[in-house]
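Remarks on the structure that follows.
The values are calculated or read from the model by the stated rules, or taken from the named source; none is laboratory data. Source: prediction; values computed, not measured. Reconstructed Cβ throughout: ideal geometry from the backbone, glycine too, with neighbour counts over all protein chains shown. Side chains included, ligands, DNA and RNA excluded: accessible areas come from the protein's heavy atoms. Shrake-Rupley method; radii C 1.70, N 1.55, O 1.52, S 1.80 Å.
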Amino acid sequence: MISSILKEETKQEHDKTEETLQSKKIFDRSYTLDDYEKLLIHNYFLISKYEPQVNKLLSSYPGLKLDVRTKINAIARDLSDLGVGINSDNSAANDLNNEAEAFGALYVMEGSTLGGNVIVKQLRKNPAFENITFNYFGIYGEKTGLLWQEFKAFLDEKINEKDYESCISGARKAYQILA
């Protein structure tokens, strides 16, 4: 199943992203607002670059619930609340070439949301974040696990073995923005 293959094939990129964005600090409460801003900025570039492409390439799949999965406004609101301006569009990122790559990029974006659930729980324990709203990382609330499982099932159903490499390529493109 492609969801398991994606996890395995992009483990190195995932681990590099966690290292670059200092994820371990989230759990020992040494994470700062500056660290969080950096995390949001990287995710903003991911979402702003690939969400429109994913929506265009995968619009023929209503079962994906792309309208529910849109995150650009939530992350823009979080950055605005923190007084962070964005003045670059990360145009160096590669475009998505087909549906399979779009599914791979969406896998990373949805995985970020799944991980965001853990991030929110940990940061709420950190006094430096007591007045922070988590519109982006908390976007799905209690539905996070359900939406992730629905996405993985949809992905596994729609991606055929002949498209595995393209799907992995799309995920790697997305991770390049985060790392």
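Miscellaneous remarks
- Residue check for residue 152: open to solvent by less than 60 Å² (accessible area, probe 1.4 Å), farther than 22 Å from residue 33 by Cα and of a type in the set (Lys, Arg): yes
- Contact annotation: residue pairs with Cβ atoms under 8 Å, 6 or more positions apart or on different chains, pairing a residue in region 30-41 that is under 20 Å from residue 16 (Cβ atoms) and touching a residue at least 60 places away in the same chain (Cβ under 8 Å) with a partner that is open to solvent by 50 Å² or more (accessible area, probe 1.4 Å) and assigned to a loop (DSSP other than H, G, I, E, B), are 31/22.
For (1) closer than 17 Å to residue 104 by Cα; (2) outside any helix (DSSP H, G or I); (3) at pLDDT 95 or above; (4) among the basic types (Lys, Arg), each residue gets a yes or a no:
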{"residue": "18", "(1), (2), (3), (4)": "no, no, no, no"}
{"residue": "50", "(1), (2), (3), (4)": "yes, no, yes, no"}
{"residue": "68", "(1), (2), (3), (4)": "no, yes, yes, no"}
{"residue": "76", "(1), (2), (3), (4)": "no, no, yes, no"}
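- Whether a residue is closer than 18 Å to residue 51 by Cα, of a type in the set (Val, Ile, Thr), open to solvent by less than 40 Å² (accessible area, probe 1.4 Å) and assigned to a helix (DSSP H, G or I) was assessed, and residue 119 does not pass this test.
- Being under 18 Å from the mean Cα position of the chain (by Cα), open to solvent by 60 Å² or more (accessible area, probe 1.4 Å), of a type in the set (D, E, K, R) and farther than 29 Å from residue 154 by Cα holds for only one residue in 7, 65, 38, and it is 38.
- Candidates are the residues of region 79-94 that are under 17 Å from residue 177 (Cβ atoms) and not hydrophobic (A, V, I, L, M, F, W, C); the one that is most open to solvent (accessible area, probe 1.4 Å) is 87.
- Exclusive hit being of a type in the set (Lys, Arg), over 17 Å from residue 97 (Cα atoms), open to solvent by 80 Å² or more (accessible area, probe 1.4 Å) and touching a residue at least 12 places away in the same chain (Cβ under 8 Å), set 143, 125: 125
- Check on residue 100, within 17 Å of residue 175 (Cβ to Cβ) and surrounded by 14 or more Cβ atoms within 10 Å (Cβ to Cβ): yes
- Test result for residue 113, under 21 Å from residue 2 (Cα atoms), at pLDDT below 95 and not acidic (Asp, Glu): yes
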